[in-house]
Every structure is written in structure tokens, then in C-alpha cells.
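Student: First the structure, then my questions, so here it is.
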Amino acid sequence: MLNIGCHLSVSKGFEFMGKQAIELGGNTFQFFTRNPRGGKAKEIDTKDTQALIKLMNENNFAKILAHAPYTLNPCSKDEHTREFAFQTMSDDLKRMEYLPNNLYNFHPGSHVGQGIEKGIQLISELLNTVLWEDMTTTVLLETMAGKGSEVGSKFQELKEIIDNVQLKEKMGICLDTCHVFDGGYDIKDNLEAVLEEFDKVIGIDRLKAIHINDSKNPIESHKDRHEKIGEGYIGIEAFERIVTHPILKDLPFYLETPNELDGYAKEIALLKSF
Ligand code: FE
Ligand code: FE
Ligand code: ZN
């Protein structure tokens with residue numbers, strides 16, 4: 001069975017999202033840990049987190065994915081911005097322990113003129129301060145589209161970040177289909193070669209989650225504009241190959257397509273039909 005869900009709003013709590021995921025035909029979901037602008041997160045309600053854990057156990061859920069605010073920049077030039085990324089991630093990861101053994105995804109960041117190497121170094125340094133031995137969450141670096149000075153649009157860059165992290169066993173990758181396509185990886189016509197390269201450079205065992213999005217732009221556009229499944233440049237045949245590929249089919253898939261809930265339900269049903 002395909003493990004699939006979509007991005008949901010956390011505003012009505014954790015159990016609510018679990019119920020929504022089921023209503024949409026899914027068995028997982030993604031949510032922002034706080035306002036994307038990075039405000040204060042809501043106080044954890046342990047009755048709510050416990051209710052979600054129970055619901056997940058009873059309904060054969062795959063791991064859920066918490067997404068850090070996308071405005072975080074762990075490799076900013078500005079020390080205060082980096083400090084803010086540290087505070088936010090560190091707080092998020094402590095809170096994730098109320099929902100143990102799930103996934104936390106973040107955008108590696110933009111080096112803003114400092115160069116890729118410096119960016120990689122700053123990101124690894126941040127990870128070395130926020131990860132701890134007994135944590136149960138796996139922290140995922142998202143593959144990026146390569147917009148502006150984004151770090152992480154090449155598998156090699158993600159590999160180098162992980163290489164510099166001490167607690168490597170806490171680290172994984174979330175592959176965003178729109179982003180890798182935008183970054184120049186041909187998952188439309190050459191999925192096999194892309195997965196081989198991922199394995200050669202990073203190691204396929206690091207791949208823990210897929211953001212499943214079509215792209216409004218052709219390959220290597222570096223634009224990061226998501227499209228509905230089958231309505232963009234990646235196309236429905238490619239998505240059928242992706243969700244049924246032996247290496248990918250058991251991973252959790254999360255939709256981040258431009259949809260309301262009914263649109264998500266249709267996409268979930270479509271992808272499950274493969
Ligand atoms: Fe993202
Ligand atoms: Fe994404
Ligand atoms: Zn994106």
C-alpha cells in the first residue's frame with residue numbers, strides 16, 4: 001500500500017490533522033512546526049499528541065513529517081539570522097519528542113554570496129549543535145531547486161553536509177520531485193539514472209521521504225514553482241513510475257501541490273490507483 005498524505009494546517013491540532021489525513025484517503029501528513037515566518041510555536045498539548053499517536057497506531061500510519069519554517073536560513077551571512085535558525089530548530093526538535101520516531105525536514109538554506117563551501121560548513125555546524133544522541137527524530141535535508149544561492153540542489157552538496165555531521169545516523173534526505181527536476185535531475189525520462197546517482201553520491205539508505213509535486217517549469221529551471229500532479233512538466237507517467245518504483249514505493253510521499261483539500265483527496269486517490 002502506498003504511504004501518502006499531503007501538507008496540512010496545524011492550526012486545529014495534531015489529532016485533527018490525523019483525522020483529516022484519513023478522510024483524504026491518506027495515512028500520513030506534513031505540517032509546518034510553526035508559522036512559516038517563524039513565530040512562536042503553540043504550547044504542546046500532550047493530550048492531543050497522545051491522541052494522534054493512538055490514531056496513527058490504529059490506522060497503520062507511516063511516519064509524519066514536520067517541516068521547519070522555510071524562512072529559516074542556517075547558512076545566512078548574518079549571525080542573528082543563524083542564531084534564530086538555531087533557536088527555532090532546537091526548539092522544534094525538542095517538541096518533536098512528544099511525537100517520537102517521526103521526521104523533521106528543513107531547507108539547507110541560501111549562502112547569499114558566501115559560496116557553497118561556506119554554506120555547507122555553516123549548515124553542518126548548526127546540525128552539530130542541535131542534534132543529540134538520544135533524540136528519536138530523523139532530520140531530513142530537502143533537495144532544493146537551486147533558486148538564487150540555495151544550497152542543496154546537487155546531491156554532492158547534501159552529501160558534504162552530512163559528511164560533516166557527527167551524529168550521521170540522525171540524518172536523512174527528503175527528495176522533492178519538483179525541486180530535483182528544477183535542479184536538473186531528469187526524473188521524468190531517466191528516473192533510474194537519477195536514483196543510481198543518488199545512491200552513488202549520498203547512499204540510497206539516506207532517502208527517507210518524498211515530496212511529490214509536479215513542476216510549472218521545464219527541467220533545470222531553478223524556479224521552484226509546484227504544479228498539480230500530472231499538470232506540469234514532469235507528467236503523470238513519470239509519477240506512476242515514481243510511486244511504483246521498487247526503491248521508492250515503500251517511502252512516505254507528501255503532496256505539496258497547489259490544492260485545496262478536495263484536490264489533495266483526488267491526487268491521493270490517483271496515486272494510490274497505480
Ligand atoms: Fe520544503
Ligand atoms: Fe518540498
Ligand atoms: Zn518547493
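The values are calculated or read from the model by the stated rules, or taken from the named source; none is laboratory data. Fair warning: this is a prediction, and the values are worked out from it, not measured in the lab. Heads up, the Cβs are rebuilt from the backbone with ideal geometry, glycines too, and the neighbour counts pull from every protein chain shown. Just the protein is used for accessible areas: all its heavy atoms, side chains included, with ligands, DNA and RNA removed. Shrake-Rupley method; radii C 1.70, N 1.55, O 1.52, S 1.80 Å.
Student: Does Ala62 satisfy being crowded, with 17+ Cβ neighbours inside 10 Å and not in a helix (DSSP H, G or I)? Outline the logic, then answer.
Tutor: On the way: crowded, with 17+ Cβ neighbours inside 10 Å: yes; not in a helix (DSSP H, G or I): yes.
The answer is yes for Ala62.
Student: A further question follows. Return yes or no: is Thr138 within 16 Å of ligand 3 (Cβ to nearest atom) and within 18 Å of the chain's Cα centre (by Cα)? Let's see the steps before the verdict.
Tutor: Values: within 16 Å of ligand 3 (Cβ to nearest atom): no; within 18 Å of the chain's Cα centre (by Cα): yes.
The answer is no for Thr138.
Student: Going through Ile202, Ile210, Ile187, Ile236 one at a time, which residue ends up being open to solvent by 30 Å² or more (accessible area, probe 1.4 Å), aliphatic (A, V, I, L, M) and either at pLDDT 95 or above or closer than 19 Å to Gln156 by Cα (or both)?
Tutor: Values: Ile202 fails: open to solvent by 30 Å² or more (accessible area, probe 1.4 Å); Ile210 fails: open to solvent by 30 Å² or more (accessible area, probe 1.4 Å); Ile187 fails: open to solvent by 30 Å² or more (accessible area, probe 1.4 Å).
Matching residue, one of Ile202, Ile210, Ile187, Ile236: Ile236.
Here's the yes/no breakdown for (1) farther than 21 Å from Met89 by Cβ; (2) surrounded by 23 or more Cβ atoms within 10 Å (Cβ to Cβ):
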site	(1), (2)
Leu2	yes, no
Gly5	yes, yes
Ser11	yes, no
Lys19	yes, no
Ile22	yes, no
Gln30	no, yes
Gly39	no, no
Thr46	yes, no
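Student: May I ask you to verify whether Ile173 is farther than 24 Å from Arg225 by Cα, β-branched (Val, Ile, Thr) and surrounded by 15 or more Cβ atoms within 10 Å (Cβ to Cβ)? Steps first, answer last, please.
Tutor: Working: farther than 24 Å from Arg225 by Cα: no; β-branched (Val, Ile, Thr): yes; surrounded by 15 or more Cβ atoms within 10 Å (Cβ to Cβ): yes.
No: the conditions fail for Ile173.
Student: Just the residues that are out of contact with any Asp or Glu (no Cβ under 9 Å at 6 or more places or on another chain) and either of a type in the set (Val, Ile, Thr) or in a strand (DSSP E or B) (or both), please, taken from segment 181-203.
Tutor: Matches in segment 181-203: Ile187, Val201, Ile202.
Student: Return only the number of the condition from (1) over 26 Å from Lys42 (Cβ atoms); (2) in contact (Cβ under 8 Å) with a residue 24 or more places away in the chain that Leu93 does not satisfy.
Tutor: Single failed check for Leu93: (1).
Results for (1) of a type outside the set (Lys, Arg); (2) on the phi < 0 side of the Ramachandran plot; (3) open to solvent by 10 Å² or more (accessible area, probe 1.4 Å), shown as yes or no for each residue.
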| position | (1), (2), (3) |
| --- | --- |
| Lys223 | no, yes, yes |
| Lys249 | no, yes, yes |
| Leu255 | yes, yes, no |
| Asn259 | yes, yes, yes |
| Tyr264 | yes, yes, yes |
| Ser273 | yes, yes, yes |
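Student: Buried (at least 23 other Cβ atoms within 10 Å of the Cβ), not in a loop (DSSP other than H, G, I, E, B) and not acidic (Asp, Glu): does that describe Gly119?
Tutor: Working: buried (at least 23 other Cβ atoms within 10 Å of the Cβ): yes; not in a loop (DSSP other than H, G, I, E, B): yes; not acidic (Asp, Glu): yes.
It is true that Gly119 is buried (at least 23 other Cβ atoms within 10 Å of the Cβ), not in a loop (DSSP other than H, G, I, E, B) and not acidic (Asp, Glu).
Student: Looking only at segment 1-16, which residues are assigned to a helix (DSSP H, G or I) and touching a residue at least 40 places away in the same chain (Cβ under 8 Å)? Before the answer, list the steps.
Tutor: Pass one, segment 1-16, residues assigned to a helix (DSSP H, G or I): 10-12, 14-16.
Residues satisfying the conditions are Phe14, Glu15.
Student: I'd like to know if segment 162-169 contains one or more residues that are more than 16 Å from ligand 2 (Cβ to nearest atom) and in contact with a Ser or Thr (Cβ under 7 Å, 6 or more places away or on another chain). Give the steps one after another, and end with the answer.
Tutor: Taking segment 162-169 and keeping what is more than 16 Å from ligand 2 (Cβ to nearest atom), we get 162-169.
Those left that are additionally in contact with a Ser or Thr (Cβ under 7 Å, 6 or more places away or on another chain): 164-165.
The answer is yes, given that some residue of segment 162-169 is more than 16 Å from ligand 2 (Cβ to nearest atom) and in contact with a Ser or Thr (Cβ under 7 Å, 6 or more places away or on another chain).
Student: Among the residues of segment 183-197, are any under 19 Å from Leu65 (Cβ atoms) and within 16 Å of ligand 2 (Cβ to nearest atom)? So that I can check it myself, show each step before the final result.
Tutor: Initially, segment 183-197 is screened for residues under 19 Å from Leu65 (Cβ atoms), giving none.
No, because not a single residue in segment 183-197 is under 19 Å from Leu65 (Cβ atoms) and within 16 Å of ligand 2 (Cβ to nearest atom).
Student: Condition first: open to solvent by 10 Å² or more (accessible area, probe 1.4 Å) and farther than 17 Å from Arg206 by Cβ. Now tell me which residues in segment 136-156 satisfy that. Let's see the steps before the verdict.
Tutor: The first filter runs over segment 136-156 and keeps only residues open to solvent by 10 Å² or more (accessible area, probe 1.4 Å), leaving 136, 138, 146-150, 153-154, 156.
Matches in segment 136-156: Thr136, Gly146, Lys147, Gly148, Ser149, Glu150.
Student: In the list Ile44, Ile53, which residue meets the criterion of being touching a helix residue (DSSP H, G or I) at 6+ places or on another chain (Cβ under 6 Å) and within 19 Å of Gly18 (Cβ to Cβ)? So that I can check it myself, show each step before the final result.
Tutor: Details: Ile53 fails: touching a helix residue (DSSP H, G or I) at 6+ places or on another chain (Cβ under 6 Å).
So the residue among Ile44, Ile53 that is touching a helix residue (DSSP H, G or I) at 6+ places or on another chain (Cβ under 6 Å) and within 19 Å of Gly18 (Cβ to Cβ) is Ile44.
Student: Let me ask something else. Quick check on my filter: what residues within segment 139-161 are outside any loop (DSSP other than H, G, I, E, B) and either closer than 25 Å to Ile242 by Cα or acidic (Asp, Glu) (or both)?
Tutor: Restricting attention to segment 139-161, the residues satisfying the condition of being outside any loop (DSSP other than H, G, I, E, B) are 139-142, 150, 155-161.
Answer for segment 139-161, where residues must be outside any loop (DSSP other than H, G, I, E, B) and either closer than 25 Å to Ile242 by Cα or acidic (Asp, Glu) (or both): Val139, Leu140, Leu141, Glu142, Glu150, Phe155, Gln156, Glu157, Leu158, Lys159, Glu160.
Student: Here's another thing I want to ask about it. Counting just the residues of segment 208-232 that are within 12 Å of ligand 1 (Cβ to nearest atom) and in a loop (DSSP other than H, G, I, E, B), which one comes out farthest from Ala269 (Cα to Cα)?
Tutor: If we take residues in segment 208-232 being within 12 Å of ligand 1 (Cβ to nearest atom) and in a loop (DSSP other than H, G, I, E, B), then Asp224 is farthest from Ala269 (Cα to Cα).
Student: Right, Ser153: hydroxyl-bearing (Ser, Thr, Tyr) and over 23 Å from His7 (Cα atoms) or not? Before you say what the answer is, go through the steps one by one.
Tutor: Values: hydroxyl-bearing (Ser, Thr, Tyr): yes; over 23 Å from His7 (Cα atoms): no.
The answer is no for Ser153.
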